[in-house]
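Nothing in this text is a laboratory measurement; each read-out follows from the coordinates by a stated rule. These numbers were taken from a predicted model, which means no experiment stands behind them. Methodologically, a virtual Cβ is constructed for each residue, glycine included, from the backbone with ideal geometry; neighbour enumeration extends over all protein chains shown.
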Amino acid sequence: MRRHARGALVLAAATALAGTLAGCGPAAHRADARGALESVAEHLDTASSAVATVQLAVDQAVAGRLPAVSADVAASDAAEGATDAVHGLGTIVVPDAAVGGADAPALRDQALAAAGQAADAVAAVRTWLDADGPPDALLAQLDDAAAALDQAHGAVADAAGIPS
Amino acid sequence: MRRRRPERWSGPLAPEPRPAGRVLDARLHLLDRQVLDDDEVPVCTLDDLELEPVDDGATPGPHAGTRPAGAATVVVTALLSGPVLRTRIFGGRPPSSRWQSVAWRHVRDLGTAVRLGVRGDDLDLTWPERWTRDHVVGRLPGGRHDPEGRS
Amino acid sequence: MIASDLLDVPVLDADGTHVGFVVDLRLVLDGPPDGPLARPRLHGLVVSPRSRSSFLGFERSAVRAPWPVAHLVRRRHRGTFLVHWSDVASVPTPGEAADPRQEAAVVLARGMTRYDARL
Amino acid sequence: MKKLLAVALGILTAIGGFLDIGDLVTNAVVGSRFGLSLAWVVVVGVVGICVFAHMSGKVAAVSGRATFEIIRERLGPRAAGANLVASLAVTVLTLVAEVGGIALALQLASSVDHRLWVPVAALAVWLVLWRVKFEVMENVTGLLGLALVGFAVAVFLLGPDWGALLDQALTPQVPAAEGQATYWYYAIALFGAAMTPYEVFFFSSGGVEERWSVKDLATSRLNVLVGFPLGGLLSISIAACAAIVLLPGGVQVDALSQLLLPVAQAGGKLLVALIIVGIVAATFGAALETALSTGYTLAQYLGWSWGKFRRPVQAARFHVAMIVALVVAVGVLMTNVDPVAVTEYSVVFSAVALPLTYLPVLVVANDPEYMGEHVNGRAMNLLGTVYLVILVVASVAAIPLMIVTRAGA
């Protein structure tokens, strides 16, 4: 009885540890090129989400519906997300191989460029919130970044065979 | 150590004649119940019971001689708490010098909780509560403030 | 002696056959008066043939609900009986490991009676 | 007004359980990824928590015994000890997240970095635990937490395609972009969040704090029937807001600030302000609930004197336990951990501890020694037993699903 209890305890601890590792561990270490591209697509999704968030925030701040302080917090959270995506993409090692007829390292570089553009655009939102000028240039910059992300995501998804 | 599966008994069980006093099962009705003092303040959880043989002059049972204590009647003399909890969980047995007990004569009522007829502060086993009160909580500002507004 | 010296301990009959485990101690409040209540006298041991766990107590009460839980516990404790203290021949001596390979056990007297354990 | 205050305990319990920081974000995540296709889980969870909170409240009112005393008494020291360790881990993790959540919510209104708000938030929580009367505490936080009704208002103001929303909710389908395992992982997370054990610890102990007796059974039932369905309704409203605004926009929710976007679109600055007040009150209430639950579970397992109705010196170890929990919370938050991520794990772990909490409640609610004539009826037992089976399934499936889906990634 006591022995069973101890066994169960050890098992529970091991499961919890494995769960934590699986949950928090680096998801980026995937050996093959296809797996690496899947990770690239995930980071691109994160960056797109950050851009979409600030687009909504800017629209509503312009319309006078969202207080400036709250918009600033949303923008800074989004900036954190976009920067994380850039860092994540930077650490992915893509094997020098062709996947789905496309050059995998080149796809990674395209993704990195798009994410970098997105991070810049999101960061620009905070400056704009402080300066409070007309939003047209900013919105155009965000649209461009979103388009670049879409394009990169499309290319990666085609190559890796993920539904986009 | 693995033990052989106990043999199944298929014979009938004798009906138990109802004893004269109130009947309680230790684990079912006493162990792990909350112990409250005279003012309904929790004192401890009932972690174990102290059992002692008594020589009350009753005729010893037919097998009394082989029993280690040598007496036929065993009674509960005290409620135990404290270190006996650790050993109930992890096994082993603390030396009797470390048992923290409340004598049975302080028990006033048995129900969904065990009620004592004395104040918890007068019992030895509440020393950790008193220590925490005197050295930590009582020294923080407002520690003696009554949240319900009774003076 | 403390209650946990007896609880969960294997029970052997006079021939050394394993008959179960002590799952509870039956107490009766008819001892000498001691404070507001009489002293509880150790009346007997509740022995379950299969399991050391008995926390829910369904096998000894008339409660039949919730049905699946009550049913499972009763099944697991089928054959639970009460043995009077006077039918107990020996109990393990606390602190004295007789033989480390042999688990301490309660030994019942020859000709002991199995009583119905219901409360 | 009197009637409203009488249900304050239920409202605070439900807001602390359903709308704490983790649930706010989890519901928005679910809405932005799965639309309303998981709304049924919230309904299942609400019924379950109503069943067991009602039973534990009834036991507390009739016998005066709070839930963890019963767990210890029925399961014995070993199994109850295992439950204590698991429940404490979940409760303290949640407390960490709530203190962080108060700070995040204050950041939304002030744009002062949330790390600076953490010690302030913890100190405020402690002062309330230390000084404020239980009834005042529950009435104020419960009433202010009602500001979250703003989410339901926002759904109406957004003027969604009701037919499509109902269709998502009534004929649930796993969205094409998500896997089956991820869907069920979030189902268990939502179910675990709805039925977190600290809700019944808090609710039953709160009944003892308010000195409920047999004549308060109606109050207890009213608390359950008003509080938890309200909590569930607001959870679904949050998911709906996210499904209407964030899902089409391609926004994946990972921060509290994103919750404000649908609200701003629906009701402008006024509604945003109302929601921020509600979030501060809800996370504050949840922090109080989890801090108190830490003290309640430890004290009830070990037989210490407890309760906010006593002077702190008369429940010394109980108060020290809560102080230690708050200090731990501040310490953990100072390591810069993301409070939102913390609760996402804690709700899944809480799913694992569920059966050991609810089995003793169900058993004691049937014990005439405790309940007299107020033992459970047939329907209640049927529901309780069905839920016990669901709880066991969820608790077995929780950790494997978490590993397979990499925590819902």
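Given R₀ = 60 Å, what would the calculated FRET efficiency be for residue C:90 paired with residue C:67, taking r from the Cβ atoms and rounding to 0.05?
On the way: r = 41 Å, r/R0 = 0.68.
After rounding, the FRET efficiency stands at 0.90.
In chain D, once you exclude exposed trypsin sites (Lys or Arg not before Pro) (DSSP loop, at most 16 other Cβ within 10 angstrom), what's the longest stretch remaining? Mind showing how you got there, number by number?
Details: sites that count: D:133, D:211, D:406.
After excluding every exposed loop site, the longest remaining stretch is D:212-405.
With a/c under 1.5 counting as rounded, go ahead and sort segment C:3-116 into rounded, prolate or oblate using the C-alpha gyration tensor (a ≥ b ≥ c being the square roots of the eigenvalues; past the cut-off, prolate if a/b is larger than b/c, else oblate). Each step should come with its number before you reach the end.
Values: a/c = 1.77, a/b = 1.13, b/c = 1.57.
Note, shape of segment C:3-116 comes out oblate.
Just from its helices, what would the mean residue ellipticity at 222 nm be for the protein assembly as shown, if runs of 4 or more DSSP H residues each count -39500 (n - 2.57) and the sum is divided by every residue, rounded to the nearest 500 deg cm²/dmol?
On the way: 26 runs with 480 residues, N = 843.
So the calculated ellipticity at 222 nm is -19500 deg cm²/dmol.
Could you pull out every one of the aspartates and glutamates with an alpha carbon less than 13 Å from that of residue D:308, ignoring same-chain neighbours closer than 8 positions?
Hits, sequence-local ones excluded: B:146, B:148, D:135, D:138, D:209, D:210, D:289.
Give me a comma-separated list of calculated 3J(HN,Hα) values for segment B:121-128, in order, Karplus coefficients 6.51, -1.76, 1.60 applied at θ = phi - 60°, integers in Hz, x for any Gly or Pro.
5, 7, 9, 5, 6, 8, 4, x
From the phi of every residue in segment D:276-281, what ³J(HN,Hα) in whole Hz does the Karplus formula 6.51 cos²θ - 1.76 cosθ + 1.60 yield, where θ is phi - 60° and glycine or proline is x?
5, 4, x, 5, 4, 5
First check a/c for segment C:1-69, with a ≥ b ≥ c the square roots of the eigenvalues of its C-alpha gyration tensor; if it is under 1.5, answer rounded, and if not, answer prolate when a/b is larger than b/c or oblate otherwise.
Values: a/c = 2.52, a/b = 1.19, b/c = 2.11.
Here segment C:1-69 falls in the oblate category.
Over the Cα atoms, compute the radius of gyration (one decimal) and Dmax (the largest Cα-Cα distance, rounded to a whole number) for segment D:195-279, in Å.
Values for segment D:195-279 (Cα only, Rg and Dmax): 17.6, 53 Å.
Taking each residue of B:102-115 in turn, how many C-beta atoms of other protein chains fall within 10 Å of its C-beta, and what is the average?
Values: counts 0, 2, 8, 6, 4, 6, 3, 2, 3, 5, 13, 6, 0, 1.
Mean shielding count: 4.
What translational diffusion coefficient, to the nearest whole µm²/s, does segment A:30-160 have by Stokes-Einstein, given a Kirkwood radius computed over alpha-carbon pairs, a temperature of 37 °C and 0.692 mPa s viscosity?
In µm²/s, the coefficient is 219.
When a footprinting reagent is the concern and you count Cβ atoms within 10 Å, what order do D:202, D:156, D:309 take, fewest first?
Values: D:202 32, D:156 13, D:309 17.
Sorted ascending by nearby Cβ count, the order is D:156, D:309, D:202.
Across peptide B:89-101, what mean number of C-beta atoms from other chains lies inside 10 Å of a residue's C-beta? Don't skip to the end; give the middle numbers.
On the way: counts 9, 6, 6, 0, 5, 1, 1, 4, 0, 0, 1, 0, 1.
Partner-chain Cβ atoms within 10 Å, mean over residues of B:89-101: 3.
Nearest 10 degrees, 0 to 90: what angle lies between the long axis of helix D:21-34 and the longest principal axis of chain D (Cα atoms)?
Roughly 40 degrees, rounded to the nearest 10.
Give the distance, in whole Å, between the Cα centre of segment C:1-53 and the Cα centre of segment A:124-164.
76 Å
What number comes out for the charge environment of residue C:115, summing +1 per Lys or Arg and -1 per Asp or Glu over other residues with Cβ under 10 Å away?
Numbers: positive: C:26, C:114, C:118; negative: B:16, C:87, C:116.
Once all neighbours under 10 Å are counted, the net charge is 0.
Cα gyration tensor of segment D:270-409, axes a ≥ b ≥ c as square roots of the eigenvalues: rounded (a/c below 1.5), prolate (a/b > b/c) or oblate?
Working: a/c = 1.72, a/b = 1.15, b/c = 1.49.
Oblate, because a/c is 1.5 or more while a/b does not exceed b/c.
Just from the alpha-carbon atoms, what are the Rg and Dmax of chain D in angstroms?
When restricted to Cα atoms, chain D yields Rg and Dmax of 19.8, 59 Å.
Where does helix D:67-110 land angle-wise versus the long Cα axis of chain D, in degrees 0 to 90, nearest 10?
That works out to roughly 40 degrees.
So who's got an amide H within less than 5 Å of the one on residue B:100, skipping anything under 5 residues away but keeping other chains? H placed 1.01 Å off N, in plane.
HN-HN under 5 Å from residue B:100: B:81, B:84.
Over all alpha-carbon pairs in the protein assembly as shown, figure out the percentage whose distance exceeds 40 Å.
Numbers: 154993 of 354903 pairs.
Across the protein assembly as shown, Cα pairs with separations above 40 Å total 44 percent.
Starting from the Kirkwood radius over alpha-carbon pairs of segment D:146-209, derive D by Stokes-Einstein at 37 °C in a medium of 0.692 mPa s and give it in µm² s⁻¹.
Details: Rh = 15.2 Å.
For these conditions, the coefficient is 215 µm²/s.
So what does log10 I(q)/I(0) come out to for segment D:285-329 at q = 0.14, 0.22, 0.23, 0.26 Å⁻¹, using the Debye formula with one equal point on every Cα and no solvent?
Scattering profile of segment D:285-329, log10 relative to I(0): -0.27, -0.66, -0.72, -0.90.
Return the sequence-ordered ³J(HN,Hα) values of segment B:97-107 in whole Hz as given by the Karplus equation 6.51 cos²θ - 1.76 cosθ + 1.60 applied to θ = phi - 60°, using x for Gly and Pro.
Using θ = phi - 60°, the values come out as 5, 9, 5, 10, 10, 10, 5, 4, 5, 7, 6 Hz.
Would you pull out the residues with amide H under 5 Å of residue C:88's amide H, same chain only if 5 or more places away, H placed 1.01 Å from N?
The answer is C:109.
Can you sort B:77, B:126, D:385 by how many other beta carbons sit within 10 Å, fewest first? Can you show the working numbers first?
On the way: B:77 19, B:126 23, D:385 16.
Fewest to most other Cβ atoms nearby, the residues stand as D:385, B:77, B:126.
Can you list residues whose amide H is under 5 Å from residue B:38's amide H, if they're 5+ apart or on another chain and H is modeled 1.01 Å from N?
Distant-sequence amide H within range of residue B:38: B:116, B:118, B:119, B:120.
Post the alpha-carbon centroid distance, segment B:104-151 to segment D:94-172, in whole angstrom.
One Cα centre to the other: 36 Å.
Using only Cα atoms, tell me the angle between helix D:134-145 and the longest principal axis of chain D; keep it within 0 to 90° and round to the nearest 10.
The helix D:134-145 is inclined about 10 degrees to chain D.
At a Förster distance of 56 Å, what's the computed FRET efficiency of residue D:40 paired with residue B:144, Cβ-Cβ distance as r, to 0.05?
Details: r = 51 Å, r/R0 = 0.92.
Efficiency for this residue pair is about 0.65.
Fewest to most neighbouring Cβ within 10 Å: what's the order for B:127, D:184, D:40? Spell out each step's value before the answer.
Numbers: B:127 12, D:184 18, D:40 15.
Sorted ascending by nearby Cβ count, the order is B:127, D:40, D:184.
Where Lys and Arg each count +1 and Asp and Glu each count -1, what net charge lies around residue D:121 among other residues with Cβ under 15 Å from its Cβ? Intermediate values should be presented prior to the final figure.
Working: positive: D:115; negative: D:20, D:98, D:113, D:289.
Value of the local net charge: -3.
Multiply the residue gap between residue D:389 and residue D:270 by 0.36 nm, knock off their C-alpha separation, and tell me the result in nm, one decimal place. Could you put the intermediate results ahead of the total?
Values: separation 119, 0.36 × 119 = 42.84 nm, distance 4.50 nm.
Full extension of this stretch gives 38.3 nm more.
For the pair residue D:47 and residue D:161, what calculated FRET efficiency results from E = 1/(1 + (r/R0)^6), where r is the Cβ-Cβ distance and R0 = 30 Å, to the nearest 0.05?
Values: r = 28 Å, r/R0 = 0.92.
Calculated value: 0.60.
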